[in-house]
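A short write-up of the structure that comes next.
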Amino acid sequence: MTTIRDVAEYAQVSVATVSRVLNKKGYVQSATKEKVEKAINDLDYKPNDVARSLFKGKSKMIALLVPDITNPFFPELARAVEDLCNQNSYTFILCNTDNSYEKEATYLNSLQQKSIDGMIIVSDTISPDYIGKIKVPIVLLDRVFEKGDYSYVKVNNREGACNATNYLKEIGCKKIAHIAGPSSVLNAKDRMKGYIDAVAYESWFSNDLIITSDYDMKLQASTENIKALLQKHPDVDGIFAANDSIAIRTMKVAEEMKIKIPDDLSIIGFDGISLGEITSPSLTTMAQPIYEMGRKAASMIMDEINDPSLPKRMEKLEVNFMKRQSTRKKG
Ligand code: RIB
């Protein structure tokens, strides 16, 4: 195998000079540079990955930052990004930020130091100012800012939430509550707006039919809040949950309270994670096209890596209603 020493010998220069040409750092006379490049070609020299990334200015690595790897939505999203990376010979790096600004900032810095080619970011902790300082192409995914010139992929959260709530009305629910996602997450706010769009003019509607919860499946505090809601409003017969994890947790709370689903209470989630197919009862949901979202974001980042002058692209995908067993038309 050809080494950097062979190249130096062939070009009759020092190893340091070859390295300067590869790294594009330091002064090298143009005639010397040509000799080194000729030697690289003649000897078919293949620098190792690190050297090659310095030489070409590309590492062939893409990172995806997600806020919570334990939420089944994110592994499904990551799988799609990984598939497209593999198909295009990119190395895929997955970073779990735990919704922590510090952890996220540490990842963003070290990834840039490692010459990452591009990053796909799902975050509600990152600020537009911070994003402005990132020197590589980025695509925001799922959780996106309302304003700013960023490429992003998201779904029609508000319309999807409104349609989910209207479905509960259509099957005859007479009092529908909403378990919203965290107020720091924009898509949770949009889903809450969608619920309100559907119920604001109903005589039974009041603000205390809305409670907030974390987006994850395990938080004990939210479980207590769901229980309190159902105790305070025993006549609630429909719940729109801001994501599937909350909906699944709500089914568990209802079961513990001896509330029958869907006979006494219809529940609809939002996400379309695979887990919802195997719960008992299976979960009716407004499904995001999770795999397509991941693939789209990956394809957009690759396009921007190849041509950083491309205009930013904003993709808003449609959600799809999935009727399963947790909802039923009233008798
Ligand atoms: O379940 C995880 C939630 O966080 C999803 O609804 C997704 O849209 C996200 O932001």
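Taking the conditions exactly as written (of a type in the set (A, V, I, L, M, F, W, C) and either open to solvent by less than 10 Å² (accessible area, probe 1.4 Å) or within 16 Å of the ligand (Cβ to nearest atom) (or both)), does Val136 satisfy them or not?
Details: of a type in the set (A, V, I, L, M, F, W, C): yes; either open to solvent by less than 10 Å² (accessible area, probe 1.4 Å) or within 16 Å of the ligand (Cβ to nearest atom) (or both): no.
No, not satisfied.
Residue by residue through the stretch 180-205, note down the ones that are part of a helix (DSSP H, G or I) and under 24 Å from Ser123 (Cα atoms). Break it down stepwise before answering.
In the first step, residues of the stretch 180-205 are kept if they are part of a helix (DSSP H, G or I); the result is 186-199.
Within the stretch 180-205, Leu186, Asn187, Ala188, Lys189, Asp190, Arg191, Met192, Lys193, Gly194, Tyr195 meet the criteria.
Mind telling me which of the residues Asp263, Asp235, Asp208 ends up being in a helix (DSSP H, G or I) and exposed (fewer than 15 other Cβ atoms within 10 Å of the Cβ)?
Values: Asp263 fails: in a helix (DSSP H, G or I); Asp235 fails: in a helix (DSSP H, G or I).
Among Asp263, Asp235, Asp208, only Asp208 is in a helix (DSSP H, G or I) and exposed (fewer than 15 other Cβ atoms within 10 Å of the Cβ).
So is Ile126 more than 12 Å from the ligand (Cβ to nearest atom), buried (at least 19 other Cβ atoms within 10 Å of the Cβ), at pLDDT below 95 and of a type in the set (A, V, I, L, M) or not? Give the steps one after another, and end with the answer.
Details: more than 12 Å from the ligand (Cβ to nearest atom): yes; buried (at least 19 other Cβ atoms within 10 Å of the Cβ): yes; at pLDDT below 95: yes; of a type in the set (A, V, I, L, M): yes.
Answer is yes for this residue.
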Breaking point among (1) assigned to a loop (DSSP other than H, G, I, E, B); (2) open to solvent by 40 Å² or more (accessible area, probe 1.4 Å); (3) away from the ligand (no atom under 16 Å from the Cβ), for Lys169: (1)
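Take the residues in the stretch 266-279 that are in contact (Cβ under 8 Å) with a residue 12 or more places away in the chain and out of contact with any strand residue (DSSP E or B) (no Cβ under 7 Å at 6 or more places or on another chain), then tell me which one is least open to solvent (accessible area, probe 1.4 Å).
Let us first name the residues in the stretch 266-279 that are in contact (Cβ under 8 Å) with a residue 12 or more places away in the chain, namely 266-277, 279.
Right, trim to out of contact with any strand residue (DSSP E or B) (no Cβ under 7 Å at 6 or more places or on another chain) and you get 273-275, 277, 279.
On the way: Ile273: 1, Ser274: 60, Leu275: 62, Glu277: 113, Thr279: 28 Å².
My answer is Ile273.
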Taking into account only those residues within the stretch 266-289 that are in a helix (DSSP H, G or I) and of a type in the set (A, V, I, L, M), which is nearest to the ligand (Cβ to nearest atom)? Leu275
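The values are calculated or read from the model by the stated rules, or taken from the named source; none is laboratory data. Computed from a predicted model, the values in this text were never measured in an experiment. Glycine gets a Cβ as well: all are built from the backbone with ideal geometry, and neighbour counts include every protein chain shown. Keep in mind that these areas ignore ligands, DNA and RNA; they rest on the heavy atoms of the full protein, side chains included. Shrake-Rupley method; radii C 1.70, N 1.55, O 1.52, S 1.80 Å.
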